[in-house]
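See structure below.
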Amino acid sequence: LRRHVVLYVGAEARGRAWARFVAEETGDLELRVWPEAGDLAEVAYLAAWIPPAGLFGKLPNLKAVFSVGAGVDQLDLAAIPAHLPLARMIEPGIEACLTAWVCMAVLALHRDLPAYVAQQRAEVWRALPVRPPAACRVGMLGTGRLGSAAAKALTGLGFPVRGWSRSSEVSFEAVVSASDVLVCLLPLTAQTRGILDARTFALLPRGAGVVNAGRGGHLVEADLRAALASGQVGAAVLDVTAEEPLPAGHAFWGHERIFLTPHVGAVTQTETGIAALVANVRRHLRGEALEGLVDRDRGY
Ligand code: NDP
Ligand code: OXD
């Protein structure tokens, strides 16, 4: 039986678990964990977060590339030979985790957690007006796999959600200007970089909340600080920052109306992630289109 070799470059513990799964569950696939790559001429598939510089030049028989995350902005697309299909990770674990994170962030802003945390520190017991979710309009920038899953869950909680995407008919201005909480779940591309900037914040209703679960590059950090200082933005929940980890001494650390999580909105889950990767390799072996195929010109 012919063996198809998948080379994995990423978090080692996950790689070892994936290699075990592939060895036990498949007869025709082998997953090698970088840097124990063996003969590189045998590698047919690369599953990577950030491959080492120059790796593509050493893989003469590579047939396809898979991002081990939902995003592909961490990859240097220009370094990947143009004839190779590139797919992002689509797996239910990412969707479930990110949906829960976005709900957490929207609920925290809607139910005034920033103000209550400040009150608690000051030992103040004071009720703020209690409004139902129906009174809090959520704007979703990006309505792909993850944006639409989060929007569905928020709708289920009673929030009116309006989405904006490249192909939607509604305008960016119309969505943002009617968002009490604005959520970014866009991929980072040349078109979306810096989309959360002073111009966007000025469109929001005064005191709106901002949630960024996309990438740090979507946010102009100085503009957020200015908008928080003026009261135009009430509070922000950020899972991603321009530099990760957030550098020591960065103004976000101590900001009382910025709530940070360290890029944990979703993490590719070990079991569901490998099942999705194997299924995609099998699609390629059958000559079918890959799930999550990236359009390199669009950048996502
Ligand atoms: P998809 O490719 O499924 O969806 C992307 C969405 O963004 C689509 O609705 C697309 O529009 C829209 N979009 C892209 N470019 C533009 C543009 N220039 N203007 C307007 N809309 C645009 O991606 P996913 O939903 O799977 O993932 C989105 C991002 O979430 C990832 O790229 C990653 O950066 C981030 N992410 C963050 C995680 C975290 O832990 N914080 C975890 C996983 C992902 P259209 O529908 O018209 O194509
Ligand atoms: C991803 C991420 O892209 O974890 O999957 O951000």
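The values are calculated or read from the model by the stated rules, or taken from the named source; none is laboratory data. Note that this is a predicted model, so its numbers are computed, not measured. Cβ sites come from the backbone with ideal geometry, for glycine too, and all protein chains shown count toward neighbours. Note: areas computed on protein heavy atoms with side chains; ligands, DNA, RNA excluded. Shrake-Rupley method; radii C 1.70, N 1.55, O 1.52, S 1.80 Å.
A few comments on the model shown:
- Estimated FRET transfer efficiency (residue 250, residue 40; beta-carbon r; R0 45 Å; 0.05): 0.70
- Of all accessible heavy-atom area on the range 144-300, the percent that carbon and sulfur account for (1.4 Å): 54
- Ordering of 27-37, 142-152, 60-70 by packing is 142-152, 60-70, 27-37, highest average first (other Cβ atoms within 10 Å, averaged per residue).
- Separation of the range 225-256 from the range 112-141 is 18 Å, based on Cα centroids.
- Global geometry of the range 1-97, whether rounded, prolate or oblate, following the gyration tensor of its Cα atoms and the 1.5 cut on a/c: oblate
- Peptide ranges 180-193, 230-243, 247-260 listed from the most packed, as the mean C-beta count within 10 angstrom indicates: 180-193, 230-243, 247-260
- Solvent-accessible area per residue, Å², over the chain with all protein chains present [probe radius 1.4 Å]: 48
- Taking only Cα atoms of the range 215-265, radius of gyration then Dmax in Å: 10.4, 29
- Gap separating the Cα centres of the range 61-95 and the range 153-188, nearest whole Å: 26
- Cα centroid separation - the range 1-37 against the range 264-298, whole Å: 15
- With only Cα atoms counted, the chain has Rg and Dmax values of 21.3, 70 Å.
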